[in-house]
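The values are calculated or read from the model by the stated rules, or taken from the named source; none is laboratory data. Please read these numbers as outputs of a predicted model, since none were measured by experiment. With ideal geometry, Cβ positions are generated from the backbone for all residues, glycine too; neighbour counts draw on all protein chains shown.
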Amino acid sequence: MKKLLLMSALASAGILGAQDAAPQQSESERPVAKVYFTKDISPDGLLKVYEKIKGNIGGKVAIKWHSGEPHGPNVIPIPMVKTLQASIPNSSLVETNTLYEGGRDTTEKHRKTLEVNGWTFCPVDIMDEDGTVMLPVKGGKHFKEMSMGKNILNYDSMVVLTHFKGHAMGGFGGSIKNIAIGCADGKVGKAMVHGSEAGNTWACDKAPFMENMVESAKATVDHFGEKIVFINVMRNMSVDCDCAGIEAEPPKARDIGILASTDILALDQACIDLLYKLPADELHDLKERIETREGLHQLDYAEEMGLGSRKYELVPLD
């Protein structure tokens, strides 16, 4: 069922021919989650998908995006982020400091990087600037709570705006990764996710790391409840995260589009499904990165943890 709906949307995106597309299914056969899709990677396209998922967003709104290392080439373009932020009343961009050394591991350095990268058009809240808070991880087998930037408590809603791409440890970085690592504070929470032990900051990898990420993400999702939504931008999909900055490998996969949902798992699953439909020469490097890190276990464990649904209807907006 999911495959048939996916093929129809792929045809609309120009990835499959119209002759390969499946017919629409009846209302009773539709999956639980809706994932909205546009191939228009632009400010207008971003607003188009956000319009479909914004119903519960209100009050003071955090837009969790990735600020990127200095001069990073692959981050979501400023005009897109600026347009979205301007359309959301009482909103701020939010981030946390990094665990690794670089341009964002202290608040002072992070503020300088924000200026270098042009994130100066609205307030930017470095949520762990003034400390941390522990949020519960309901049903976690690795954690009972996760350390987050304290300022997460200042927001009523969250819009998770993610650059979908590869990731050195996670295999791929979608919305799960964005909030799992990106809301955890720079020293305690991120160390917890990475399984830090004495003498080895990056002690955890592959399936256990995916499970740590999912549990951290669940703490944020549960905290906001119905007042959190998710957008993935499938553009400039290097095998490397935006944490790599100018050292990121050039993308080999084509740009696909923007997807959005109120269901974090359905969204990341839909992006993986679209990605895996690319021609072999475009997919090869990302597929290798994802599978050598056991990155797809993010989706398995997110389903196990009740983070969302892997069944979805892909709804083209073009």
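For every residue, the table says whether it meets (1) part of a helix (DSSP H, G or I); (2) touching a His at 6+ places or on another chain (Cβ under 9 Å); (3) not small (Gly, Ala, Ser).
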residue	(1), (2), (3)
Leu93	no, no, yes
Gly103	no, yes, no
Val116	yes, yes, yes
Trp119	no, no, yes
Gly140	no, no, no
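Restricting attention to region 116-153 and to residues that are under 15 Å from Val81 (Cβ atoms) and of a type in the set (Val, Ile, Thr), the residue that is surrounded by the fewest Cβ atoms within 10 Å (Cβ to Cβ) turns out to be Thr120. Among the residues of region 62-84, just one is over 14 Å from His163 (Cβ atoms) and within 17 Å of the chain's Cα centre (by Cα), namely Ala62.
Screening the candidates Ala266, Ala260 for the property of being farther than 14 Å from Phe172 by Cβ, small (Gly, Ala, Ser) and in a helix (DSSP H, G or I) yields one hit, Ala266.
Somewhere in region 154-177, is a residue free of Cβ contacts under 8 Å to residues at least 60 places away in the same chain, crowded, with 20+ Cβ neighbours inside 10 Å and closer than 17 Å to Ala217 by Cβ?
Restricting attention to region 154-177, the residues satisfying the condition of being free of Cβ contacts under 8 Å to residues at least 60 places away in the same chain are none.
Within region 154-177, none of the residues are free of Cβ contacts under 8 Å to residues at least 60 places away in the same chain, crowded, with 20+ Cβ neighbours inside 10 Å and closer than 17 Å to Ala217 by Cβ.
Quick one: in region 277-298, of everything that is part of a loop (DSSP other than H, G, I, E, B) and of a type outside the set (A, V, I, L, M, F, W, C), which residue is farthest from Ala207 (Cα to Cα)?
Our first condition is that a residue be part of a loop (DSSP other than H, G, I, E, B); within region 277-298, this holds for 277-279, 293-296.
Going one step further and asking which of them are of a type outside the set (A, V, I, L, M, F, W, C), we end up with 277, 279, 293-295.
Values: Lys277: 24, Pro279: 27, Arg293: 8, Glu294: 6, Gly295: 7 Å.
Once the filter is applied, the top-ranked residue is Pro279.
Yes/no matrix, rows are residues, columns are (1) without any contact (Cβ under 8 Å) to a residue 60 or more places away in the chain; (2) crowded, with 24+ Cβ neighbours inside 10 Å:
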{"residue": "Arg254", "(1), (2)": "yes, no"}
{"residue": "Ala260", "(1), (2)": "no, yes"}
{"residue": "Asp268", "(1), (2)": "no, yes"}
{"residue": "Asp273", "(1), (2)": "no, no"}
{"residue": "Glu282", "(1), (2)": "yes, no"}
{"residue": "Arg293", "(1), (2)": "no, no"}
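Tyr301 satisfies every condition listed in (1) in a helix (DSSP H, G or I); (2) closer than 30 Å to Lys141 by Cβ; (3) touching a Phe, Trp or Tyr at 6+ places or on another chain (Cβ under 8 Å) except (3). Restricting region 304-318 to residues that are in contact with a Lys or Arg (Cβ under 7 Å, 6 or more places away or on another chain) and not in a loop (DSSP other than H, G, I, E, B) leaves a set whose member that is nearest to Leu46 (Cα to Cα) is Val315. The helices (runs of 4 or more DSSP H) falling completely within region 163-253 that include 3 or more residues that are farther than 17 Å from Glu294 by Cα and of a type in the set (Gly, Ala, Ser) map to 206-224. The single condition from (1) closer than 26 Å to Met192 by Cα; (2) without any contact (Cβ under 8 Å) to a residue 40 or more places away in the chain that Pro70 fails is (2). Within region 68-87, the residues that satisfy the criterion of being closer than 23 Å to Glu108 by Cβ and surrounded by 22 or more Cβ atoms within 10 Å (Cβ to Cβ) are Gly68, Glu69, Gly72, Val75, Val81.
Which ones in region 118-129 are touching a Ser or Thr at 6+ places or on another chain (Cβ under 9 Å) and modelled with pLDDT of 95 or more? So that I can check it myself, show each step before the final result.
Within region 118-129, the subset touching a Ser or Thr at 6+ places or on another chain (Cβ under 9 Å) is 119, 122-129.
Of everything in region 118-129, those that are touching a Ser or Thr at 6+ places or on another chain (Cβ under 9 Å) and modelled with pLDDT of 95 or more turn out to be Trp119, Cys122, Val124, Asp125, Ile126, Met127, Asp128, Glu129.
Do we have any residue at all in region 103-124 that's touching a residue at least 24 places away in the same chain (Cβ under 8 Å), within 28 Å of Gln269 (Cα to Cα) and polar (S, T, N, Q)? No, that holds for no residue.
The rows are residues; the columns are (1) of a type in the set (Phe, Trp, Tyr); (2) at pLDDT below 95; (3) closer than 22 Å to Lys34 by Cβ.
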| residue | (1), (2), (3) |
| --- | --- |
| Met213 | no, no, no |
| Thr220 | no, no, yes |
| His223 | no, no, no |
| Glu226 | no, no, yes |
| Asn232 | no, no, yes |
| Asn236 | no, no, no |
| Val239 | no, yes, no |
| Cys243 | no, yes, no |
| Glu249 | no, yes, no |
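Under 6 Å between Cβ atoms, at least 6 apart or on separate chains: pull out the pairs that start in region 198-224 with a residue that is closer than 18 Å to Thr98 by Cβ and end on any residue that is among the acidic types (Asp, Glu) and surrounded by fewer than 24 Cβ atoms within 10 Å (Cβ to Cβ). The qualifying pairs are Ala203/Glu197. For the structure I just gave you, tell me whether Leu314 is in contact (Cβ under 8 Å) with a residue 60 or more places away in the chain and either within 21 Å of Leu161 (Cα to Cα) or among the polar types (S, T, N, Q) (or both). Here the answer is yes, as Leu314 does meet what is asked.
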